[in-house]
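Notes to accompany the following structure.
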Amino acid sequence: IYQLSKLACIPVTITLEYLFYQKTVSWPILFTLIPITFGVGLATVSDVTVTMKGLAYATCAVIATALAQIFTSTYQKELDCNALQLLIHTAPIISFGMFCMIPFFDDIGNLQDTPITVPLAQQLLLSCLFAFGVNVSNYLVLGKTSPLTYQVLGHMKTILIFLLGFFIFAQKYNMKIMAGISIALIGVILYTEFKRRGVGIAKTNKIRT
């Protein structure tokens with residue numbers, strides 16, 4: 001269900017960008033998204049168990065993720081600010097929101113009883129540094145490209161994980177996974193080539209051909 005949620009971000013992003021900013025996607029780009037979505041799904045999705053509660057959480061997560069990426073990309077370009085400038089303004093708001101959600105998702109008593117040792121402080125600092133790097137890289141990609149390209153890049157990361165596992169760690173994959181990786185990789189290559197040629201998202205009333 002998690003992998004299906006990730007795959008759902010692509011059509012949801014396209015739909016929301018059209019609803020909010022009347023942005024449409026060219027037919028060549030749409031056709032490249034089909035093998036990407038199908039291939040990654042073939043390689044990563046196996047047994048799916050769906051409950052109403054899980055489906056509700058997944059729906060909220062997909063919509064929130066798509067909206068966050070769309071607004072991050074849009075406002076960064078409209079305000080003409082770089083990734084660090086946008087992060088400075090958004091990090092306090094995000095931190096406050098997460099602080100308010102702590103009582104609903106974490107064991108406060110257990111957190112208060114946890115002793116702060118040097119190794120724990122080091123791990124927390126390292127985690128914060130990694131999170132900072134992830135946030136900056138996310139803002140950089142969204143500021144320079146688009147939410148849709150960001151989604152494709154995320155699926156490319158999944159493909160690379162499989163490929164590195166195969167070539168470096170000698171992981172054994174079945175034909176289903178190998179076929180999915182190959183199909184998705186073809187889609188990513190085609191998407192990159194069409195974007196290089198300037199065939200992308202346009203603010204028009206019709207889908208371009």
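The values are calculated or read from the model by the stated rules, or taken from the named source; none is laboratory data. The structure displayed is predicted, hence computed values, not measured ones. Please note: Cβ atoms are built from the backbone with ideal geometry, for glycine as well, and neighbour counts cover all protein chains shown. The accessibility values were calculated without ligands, DNA or RNA, using every heavy atom of the protein model including side chains. Shrake-Rupley method; radii C 1.70, N 1.55, O 1.52, S 1.80 Å.
Using just the helices of the chain, give the 222 nm mean residue ellipticity in deg cm²/dmol: DSSP H runs with n ≥ 4 each add -39,500 (n - 2.57), and the total is spread over all residues, rounded to 500. If you can, show how the numbers build up before the last one.
Details: 8 runs with 164 residues, N = 209.
Mean residue ellipticity at 222 nm (helix-derived): -27000 deg cm²/dmol.
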Could you give the size of the charge dipole of the chain about its Cα centre, using +1 on the Cβ of each K and R and -1 on the Cβ of each D and E, expressed in debye and rounded to the nearest 20?
940 debye
Alpha-carbon spread of region 40-199, three principal axes, descending order, Å
49, 42, 37
Among 107, 80, 47, the residue with the largest mean-square fluctuation in a Gaussian network model of the chain built from Cα contacts under 10 Å is 107
I need the P(r) histogram for region 1-108: all alpha carbon pairs, bin width 10 Å from 0 out to the longest distance, whole percents.
11, 31, 35, 20, 2, 0
Enter the angle in degrees (range 0 to 90, nearest 10) between the Cα long axis of helix 175-196 and the first principal axis of the Cα atoms of the chain, meaning the one along which they spread out most.
80 degrees
Out of 149, 32, 49, any idea which swings most in a Gaussian network model of the chain, alpha carbons joined below 10 Å?
49
Using a Gaussian network model of the chain with C-alpha springs under 10 Å, which one of 189, 159, 116 is most mobile by mean-square fluctuation?
116
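Leaving ligands, DNA and RNA out of it, report the carbon-plus-sulfur percent of the accessible area of the chain at a 1.4 Å probe.
Working: 9710 of 13770 Å².
So the carbon and sulfur contribution to the accessible surface is 71 percent.
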Here FRET efficiency (C-beta to C-beta, residue 81 to residue 160, R₀ 35 Å, nearest 0.05) is 0.70
Quick one: if you stick a label point 7 Å off each Cα along the C-beta vector at residue 15 and residue 96, how many nm between them?
3.2 nm
